[in-house]
Amino acid sequence: MSFNVPDDRRYRESHEWALPTDDGIRVGITDFAQDELGDVVFVELPDEGDSVAQDEEFGVVESIKAVSDLYAPVGGEVLAVNEALFDSPELVNDDPFGEGWMLEIEGADETELEELLSADEYEDQIA
Amino acid sequence: MSDDPRDDRARYDQARYVENGQYEPLLSEKDLTRVEIGGDGDEDGGSPLPDELTRDSLELPALSEPELARHYTRLSQMIYGIDSGPYPLGSCTMKYNPKFTEDVAALPKAAVHPDRSERSTQGTLELLYRLQDYLGRIGGMDAVTLQPPAGAAGEFVGIRVAAAYHEHNGEGHRDEVIVPESAHGTNFASAALGGYDVVSLPSDDEGRVDLEALEAALSENTAALMLTNPNTLGLFERDIAEIAEMVHDVGGLLYYDGANLNALLGRARPGDMGFDVMHYNVHKTFATPHGGGGPGAGPVGVVDELAPFLPAPRVREADDSDSRSGEPTYELFDPEHTIGKVHGYQGNWLVLVKAFAYIARLGDEGLADASATAVLNANYLASRIEYEVPYGPFHHEFVASAGDQDAADVAKRMLDHGVHPPTTKWPEIVPEALMTEPTEVESKATLDRLAAAFNAVAAEDDETLEGAPQRTAARRIDQTDAARSPRLSWQALEDDD
């Protein structure tokens, strides 16, 4: 089975993605991750205004199979949280790279983004 | 008043958790004032409670006795338990609970108020003392506490005792507990809850502890290695003596998870293998009921060096034996460096009575025979099923692989064939695992019936498996919906209709 790995963003080995937007950097988990987890039933995220550090846990995703920590691909201040996930956690399964986004982080260090895997490198990892 | 309702007890009790640490009051400021008026009633002479919290009548079901009896009989027929048929959940040791243990626990003399004096409860104390002694001898441990109320609670107590021991010896810097990746999930949780960093240990190709990986994981920071033996694949860790030496050489302790003790009774003892601390799952090994949220018991045994740290109080023989009869007397005492109490009084007393009754009735030979039969039954069943069993030789349980089938579907389909399925999808070292433990209580005829169910399902197509179960009171449960939209009361169910 092959998984969608869009090349417009960067990836963390632990299956989070980071996508630069006009406001900051959007963060979520990958298609591969949502498939491994199975049906997501709950997502715990930080509050807006909280700060997160690169490589540190920023939240928890719970599926019918497992409870997993989420690791921040980049650090900064939480600009926005996808509150739709609290009522509709299935968005993470249905559209992991779009509607299933989790955080928007601002003030991230450019170099942190560069440290992450490219789409090709991430695709090799999950192959 | 502050904005945080937790700052005010009366308001906090009336607050509803919204999300992200936010609370909103269930009652308005005005409502709270009215509640505080108490029974005086409000200005209209009505209830002092807000309207939404009052009602004029109770909705009690109006049923005749036979209707009620039939309702509960029907519910009992919808479930499957060890009294209905075989229950081969691996690593759970779902033994039949002999009814005589219930009789013993139901004796009026077993109903002893725990606050009665030691002098008037000598029989109770003697039973506890003898159970400490039995368990100690069965496990090869020098001292036992009966307090922990469940296996996982026993693990936590064992880890706390190990921590107190290290702390006492000036070794409080030890902050790691090593756990094999195939271990029961509770081991990781107990170590983490005990404040330790968990180091996960990979298995070798044969499914046992990888000695090279263990060597690499051990250090001066190792507080303990947690093991179950036979392990969760049913395999005996034959390098256990070397493992014990390696752990002890770095100053660590060896913890025995008693979940699989049923495989060893009367033949081998964790204490003799070099284990320093262990818990006993009396509901698995000594046929007390599984807790299922109710009372359980998870006694902890330790070697002499750790005994001073056990929870308080324990029971011992008193020095001043009864001079008239020459009979020993018993008393409670606090171990010198005790970690404190972990449960009220002596733990779940009536569960301990059942375990005592079971051990006393079977005796040395009976326990060894039960264990041998459990191993024989597992091996017989495995030899009769067509699913592959990749790891062996195994003892009281085996892990078959469902191969190209989905283990969860296999389990659902086995229900249609009239038997309870094994544990599925774990341990992960076996793909689509079917972890099976028939225990000693099943006859050859029942094992053949179980094997027939396995083999019938093995021959079925995916469509049949995915549509199962068809013959049970409840069909396939939508686990996702149950987790996303839990309906936790009958009102919620009615709202759905």
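The values are calculated or read from the model by the stated rules, or taken from the named source; none is laboratory data. If you're wondering where the values come from, they're calculated on a predicted model, not measured in any experiment. Positions of Cβ are backbone-derived with ideal geometry, glycine not excepted, and every protein chain shown enters the neighbour counts. Heads up: the accessible areas ignore ligands, DNA and RNA and are worked out on the full protein's heavy atoms, side chains in. Shrake-Rupley method; radii C 1.70, N 1.55, O 1.52, S 1.80 Å.
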- [ ] Please work out if residue B:207 is open to solvent by 40 Å² or more (accessible area, probe 1.4 Å) and either assigned by TED's automatic domain parsing to the domain that holds residue B:169 or within 28 Å of residue B:369 (Cα to Cα) (or both).
- [x] no
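At pLDDT 95 or above, within 24 Å of the chain's Cα centre (by Cα) and either closer than 19 Å to residue B:382 by Cα or not in a helix (DSSP H, G or I) (or both), is that true of residue B:427? Please lay out each step first, then the result.
On the way: at pLDDT 95 or above: no; within 24 Å of the chain's Cα centre (by Cα): yes; either closer than 19 Å to residue B:382 by Cα or not in a helix (DSSP H, G or I) (or both): yes.
Taking the combined requirement at face value, the residue does not satisfy it.
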- [ ] Go through the stretch B:434-458 residue by residue and tally those that are open to solvent by 10 Å² or more (accessible area, probe 1.4 Å) and touching a residue at least 40 places away in the same chain (Cβ under 8 Å).
- [x] 9
Task: Every residue from the stretch A:110-127 that is open to solvent by 80 Å² or more (accessible area, probe 1.4 Å) and under 17 Å from residue A:24 (Cβ atoms) - done: A:110, A:114
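Looking at this structure, is residue B:190 open to solvent by 10 Å² or more (accessible area, probe 1.4 Å) and either assigned by TED's automatic domain parsing to the domain that holds residue B:438 or touching a Gly at 6+ places or on another chain (Cβ under 9 Å) (or both)?
On the way: open to solvent by 10 Å² or more (accessible area, probe 1.4 Å): no; either assigned by TED's automatic domain parsing to the domain that holds residue B:438 or touching a Gly at 6+ places or on another chain (Cβ under 9 Å) (or both): yes.
No; evaluated as a whole, the condition is false for this residue.
Residue-by-condition table, conditions (1) open to solvent by less than 20 Å² (accessible area, probe 1.4 Å); (2) more than 14 Å from chain B (Cβ to nearest Cβ); (3) over 21 Å from residue B:485 (Cα atoms):
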position	(1), (2), (3)
A:30	yes, yes, yes
A:51	no, yes, yes
A:63	yes, no, no
A:69	no, no, yes
- [ ] Just name the residue that is modelled with the lowest pLDDT out of those in the stretch B:447-497 that are within 14 Å of chain A (Cβ to nearest Cβ) and closer than 16 Å to residue B:415 by Cα.
- [x] B:477
Task: Residues (of a type in the set (A, V, I, L, M, F, W, C) and touching a residue at least 12 places away in the same chain (Cβ under 8 Å)) located in the stretch B:465-497 - done: B:465, B:468, B:473, B:474
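Check B:277, B:300 and return the single one that is aliphatic (A, V, I, L, M) and either surrounded by fewer than 15 Cβ atoms within 10 Å (Cβ to Cβ) or in contact with a His (Cβ under 8 Å, 6 or more places away or on another chain) (or both).
Working: B:277 fails: either surrounded by fewer than 15 Cβ atoms within 10 Å (Cβ to Cβ) or in contact with a His (Cβ under 8 Å, 6 or more places away or on another chain) (or both).
Only one candidate passes the filter, namely B:300.
Just to be sure, is residue B:342 in a helix (DSSP H, G or I) and in contact with a Pro (Cβ under 6 Å, 6 or more places away or on another chain)? Steps first, please.
Values: in a helix (DSSP H, G or I): no; in contact with a Pro (Cβ under 6 Å, 6 or more places away or on another chain): yes.
So residue B:342 fails the test.
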TODO: Kindly indicate whether any position in the stretch A:35-48 is over 28 Å from residue B:189 (Cβ atoms) and modelled with pLDDT of 95 or more.
DONE: yes
Task: Total residues in the stretch A:33-49, condition of a type outside the set (A, V, I, L, M), surrounded by 15 or more Cβ atoms within 10 Å (Cβ to Cβ), in contact with a strand residue (DSSP E or B) (Cβ under 8 Å, 6 or more places away or on another chain) and more than 10 Å from chain B (Cβ to nearest Cβ) - done: 1
Task: Members of the stretch B:430-462 that are farther than 24 Å from residue B:96 by Cα and part of a helix (DSSP H, G or I) - done: B:455, B:456, B:457, B:458, B:462
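Can you name the helices (runs of 4 or more DSSP H) wholly within the stretch B:1-111 that have at least 1 residues being on the phi < 0 side of the Ramachandran plot, modelled with pLDDT under 90 and within 14 Å of another protein chain (Cβ to nearest Cβ)? If you could, list the steps in order and put the result at the bottom.
On the way: elements: B:9-13, B:29-36, B:65-78, B:99-106.
Ranges flagged: none.
Inspect all residues belonging to the stretch B:336-355 and state whether any of them is more than 26 Å from the chain's Cα centre (by Cα) and in contact (Cβ under 8 Å) with a residue 24 or more places away in the chain.
Step one: list which residues in the stretch B:336-355 are more than 26 Å from the chain's Cα centre (by Cα), which gives B:336-337.
Now restrict to residues that are in contact (Cβ under 8 Å) with a residue 24 or more places away in the chain: B:336-337.
Yes, because at least one residue in the stretch B:336-355 is more than 26 Å from the chain's Cα centre (by Cα) and in contact (Cβ under 8 Å) with a residue 24 or more places away in the chain.
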- [ ] Can you give me the number of residues within the stretch B:93-148 that are over 17 Å from residue B:328 (Cβ atoms) and among the charged types (D, E, K, R)?
- [x] 9
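Taking residue A:76 as the residue in question, decide whether it is open to solvent by 10 Å² or more (accessible area, probe 1.4 Å) and small (Gly, Ala, Ser).
Working: open to solvent by 10 Å² or more (accessible area, probe 1.4 Å): yes; small (Gly, Ala, Ser): yes.
The answer is yes for residue A:76.
Would you mind finding the one in B:374, B:402, B:411 that is of a type in the set (Gly, Ala, Ser), more than 26 Å from the chain's Cα centre (by Cα) and closer than 23 Å to residue B:184 by Cα?
On the way: B:374 fails: more than 26 Å from the chain's Cα centre (by Cα); B:411 fails: more than 26 Å from the chain's Cα centre (by Cα).
Answer to the check: B:402.
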- [ ] Test each condition in (1) over 21 Å from residue B:143 (Cα atoms); (2) open to solvent by 30 Å² or more (accessible area, probe 1.4 Å) for residue B:331 and report the one that comes out false.
- [x] (1)
Open item on the list: Quick test of your reading of the structure: residue B:115 fulfils all but one of (1) open to solvent by less than 50 Å² (accessible area, probe 1.4 Å); (2) assigned by TED's automatic domain parsing to the domain that holds residue B:342. Name the failing condition by number.
Closed with: (1)
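So that you can scan it fast, the table gives a plain yes or no per residue for (1) at pLDDT 95 or above; (2) closer than 17 Å to residue B:275 by Cα; (3) not charged (D, E, K, R):
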| site | (1), (2), (3) |
| --- | --- |
| B:152 | no, no, yes |
| B:159 | yes, yes, yes |
| B:168 | yes, no, yes |
| B:182 | no, no, yes |
| B:187 | yes, yes, yes |
| B:196 | yes, no, yes |
| B:205 | no, no, no |
| B:218 | yes, yes, yes |
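Filter the stretch B:257-274 down to the residues that are surrounded by fewer than 22 Cβ atoms within 10 Å (Cβ to Cβ) and outside any helix (DSSP H, G or I) and list them by number.
First pass over the stretch B:257-274, keeping only residues surrounded by fewer than 22 Cβ atoms within 10 Å (Cβ to Cβ): B:266-269, B:271-274.
If the condition is that a residue be surrounded by fewer than 22 Cβ atoms within 10 Å (Cβ to Cβ) and outside any helix (DSSP H, G or I), then B:266, B:267, B:268, B:269, B:274 are the ones that fit.
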- [ ] Filter the stretch A:85-105 for residues that are in a helix (DSSP H, G or I), of a type in the set (Asp, Glu) and within 9 Å of another protein chain (Cβ to nearest Cβ) and give the result.
- [x] none
